[in-house]
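Visitor: First the structure, which I've put down as C-alpha cells, then a few questions once you've had a look.
The values are calculated or read from the model by the stated rules, or taken from the named source; none is laboratory data. Owing to the predicted nature of the structure, the values given are computational and were not obtained by experimental measurement. Cβ coordinates were reconstructed from backbone atoms using ideal geometry, including for glycine residues, and neighbour counts include every protein chain displayed.
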Amino acid sequence: MKLILAIISTDDTKACISALNKASYHVTRLATTGGFLSSGNTTLIIGCEDREVERAIEIIGSESQRRKEAVPTTVNSDVSSLVSYPIEVEVGGATIFVLNVDNFMKL
C-alpha cells in the first residue's frame, strides 16, 4: 500500500482531482502555501495499491503542466525611485512524494 502526497498549483486542482476521480482514485485535498512565490497550492493525499502508483503519477503529471507567468518585481533605478518590471518565472508542475503505508482503513 502507498500514500501519494502531490503538491500542485491551485490552478490545476480541479482538473487534477476530476481526472483522478474518473480513474477511481479517492483524493483528499488540503489547501497549502509555499514555494518560490509563496503562492497558493494544493496538496493531494491519495491512498492506493502499489500497482496503481504509476498511473496516478501519470494523471497528476498530465493535469499539472509547467507554464511561464509574469511576476512584477521592484527595482531601484538610477534616480532613487522604485520601478516595477515584470519577470517571467516558471510555475505549475507537481512535487510528488510516495510513501509506504503499513495499514490503510476506510471507516
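Visitor: Kindly indicate whether any position in segment 59-66 is assigned to a loop (DSSP other than H, G, I, E, B), of a type in the set (S, T, N, Q) and at pLDDT below 75. If you could, list the steps in order and put the result at the bottom.
Guide: To start, the set of residues in segment 59-66 that are assigned to a loop (DSSP other than H, G, I, E, B) comprises 64-65.
The next check asks that each one be of a type in the set (S, T, N, Q); those that pass are 64-65.
Adding the requirement that they be at pLDDT below 75 leaves none.
So far as segment 59-66 goes, no, none of its residues is assigned to a loop (DSSP other than H, G, I, E, B), of a type in the set (S, T, N, Q) and at pLDDT below 75.
Visitor: Kindly indicate the residue of segment 31-47 that is hydrophobic (A, V, I, L, M, F, W, C) and modelled with pLDDT under 95 and also farthest from F97 (Cα to Cα) among those meeting that condition. Talk me through it step by step, then tell me what you get.
Guide: Of the residues in segment 31-47, the ones hydrophobic (A, V, I, L, M, F, W, C) are 31, 36-37, 44-46.
Narrowing the set further to residues that are modelled with pLDDT under 95 leaves 31, 36-37.
Details: A31: 17, F36: 19, L37: 21 Å.
Here the residue is L37.
Visitor: A further question on this structure: What tally of residues in segment 1-28 results from selecting those that are touching a strand residue (DSSP E or B) at 6+ places or on another chain (Cβ under 6 Å) and under 18 Å from F104 (Cβ atoms)?
Guide: 9
Visitor: On to the next question. Go through the residues of segment 74-94 one by one and say whether even a single one is surrounded by 13 or more Cβ atoms within 10 Å (Cβ to Cβ), hydrophobic (A, V, I, L, M, F, W, C), at pLDDT 95 or above and within 27 Å of M1 (Cβ to Cβ).
Guide: No; the residues of segment 74-94 include none that is surrounded by 13 or more Cβ atoms within 10 Å (Cβ to Cβ), hydrophobic (A, V, I, L, M, F, W, C), at pLDDT 95 or above and within 27 Å of M1 (Cβ to Cβ).
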